[in-house]
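One structure is given below, encoded as structure tokens.
The values are calculated or read from the model by the stated rules, or taken from the named source; none is laboratory data. Owing to the predicted nature of the structure, the values given are computational and were not obtained by experimental measurement. Counting neighbours? That spans all protein chains shown, and the Cβs are built from the backbone with ideal geometry, glycine included.
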Amino acid sequence: MDSEGRYTRERERMVDEQLAGRGVTDPRVVAAMRRVPRHRFVQEALRTRAYGDHPLPIGEEQTISQPFIVGLMTSLLELSGREKVLEVGTGSGYQTAVLAALARRVCSIERLPRLAERARTILESLGHDNVWVRVGNGALGWPDEAPFDCIIVTAGGPAGQMTLIPLAALVLVTMGWRGVFIIAGVAALVLAPIALWALKAADQPVASGAGPTMRADLAYLLRSPVFHLLFWGFFLCGFTSIGVIETHFVSRTAQISPVV
């Protein structure tokens, strides 16, 4: 059996055992991962291990995620083929290739130039013409291409430079009315003390030097219909939207789920 035939069989086994066997059953994701040649994205010396149930080094102290993580993260996006996706952390380009098979357009940012160039070369050789790879700081997003339908973060940055859910990231994501609830809900939570002061000042100005008690403040806030609208709107609608944003730190093999 030639090497490509062997890789095809290993890829089939990978999908059956590591994805379908663990609950990743989205038919489009499964089909894409049956097609994308994962071994092309790893170093030649490691290609015999490309379809194993583990991450692999790709140079620059980075790794290619294990197949299950790629499949799980991709399935959480629930791509239909019409989306424009922002990927933060191109890495090897394997996750990018899987996204390219499922989305209308993929904009991928990689902070390490050598990885970005290598991934770009491989993606072009495989015929992915709906992918754009840029070298840059993923924490700043890709304003020229915003808004995005969904965002996937597949790498961690240098210590102290990666934040989990930057508020600015939510503005870049097209979520319709759900996005409004996310922004408004976060604002309601963060700015609640200021909002409370403004509401009470307009309703019952405090003449004496003694301010209202914390219990009275809380009771006043909880009676506010506007606060309830924003607060419950955030929880009921916001979290379902945030669910499509999956954060995966691969630099230390720590995986954090539920950008830029």
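Just one of the numbered conditions (1) farther than 15 Å from GLN95 by Cβ; (2) at pLDDT 95 or above; (3) surrounded by fewer than 20 Cβ atoms within 10 Å (Cβ to Cβ) is not true of GLY5; which one?
Here GLY5 meets the rest and fails (2).
Tell me which of these GLY179 doesn't satisfy, since it passes every other one: (1) modelled with pLDDT under 95; (2) surrounded by fewer than 18 Cβ atoms within 10 Å (Cβ to Cβ).
Here GLY179 clears every test but (2).
Only one of LEU79, LEU72 is part of a loop (DSSP other than H, G, I, E, B) and either of a type in the set (A, V, I, L, M) or not assigned by TED's automatic domain parsing to the domain that holds LEU126 (or both); which?
After applying the criteria, what remains is LEU79.
Just checking, does the stretch 29-49 include any residue being in a loop (DSSP other than H, G, I, E, B) and closer than 22 Å to ALA103 by Cβ?
Yes, there is a match, as at least one residue in the stretch 29-49 is in a loop (DSSP other than H, G, I, E, B) and closer than 22 Å to ALA103 by Cβ.
Any idea which residue in the stretch 99-120 is farthest from the chain's Cα centre (by Cα), counting only those that are assigned to a helix (DSSP H, G or I) and surrounded by 24 or more Cβ atoms within 10 Å (Cβ to Cβ)?
Step by step, filter the stretch 99-120, then rank; the result is ALA119.
Can you name every residue in the stretch 67-103 that is over 21 Å from THR121 (Cα atoms), acidic (Asp, Glu) and touching a helix residue (DSSP H, G or I) at 6+ places or on another chain (Cβ under 9 Å)?
Result: GLU83, single match.
Looking at (1) at pLDDT 95 or above; (2) within 22 Å of TRP142 (Cα to Cα), can you tell me which one LYS84 breaks?
Here LYS84 meets the rest and fails (1).
List the residue pairs whose Cβ atoms are under 9 Å apart, where the first residue sits in the stretch 130-145 and is in a strand (DSSP E or B), the second is surrounded by 20 or more Cβ atoms within 10 Å (Cβ to Cβ) and of a type in the set (Phe, Trp, Tyr), and the two are 6 or more positions apart or on different chains.
Here the result reads TRP132/TRP142; ARG134/TRP142, each pair linking the stretch 130-145 to a residue that is surrounded by 20 or more Cβ atoms within 10 Å (Cβ to Cβ) and of a type in the set (Phe, Trp, Tyr).
Considering VAL36, VAL29, VAL24, which residue is under 19 Å from GLY127 (Cβ atoms), touching a helix residue (DSSP H, G or I) at 6+ places or on another chain (Cβ under 9 Å) and buried (at least 17 other Cβ atoms within 10 Å of the Cβ)?
VAL36
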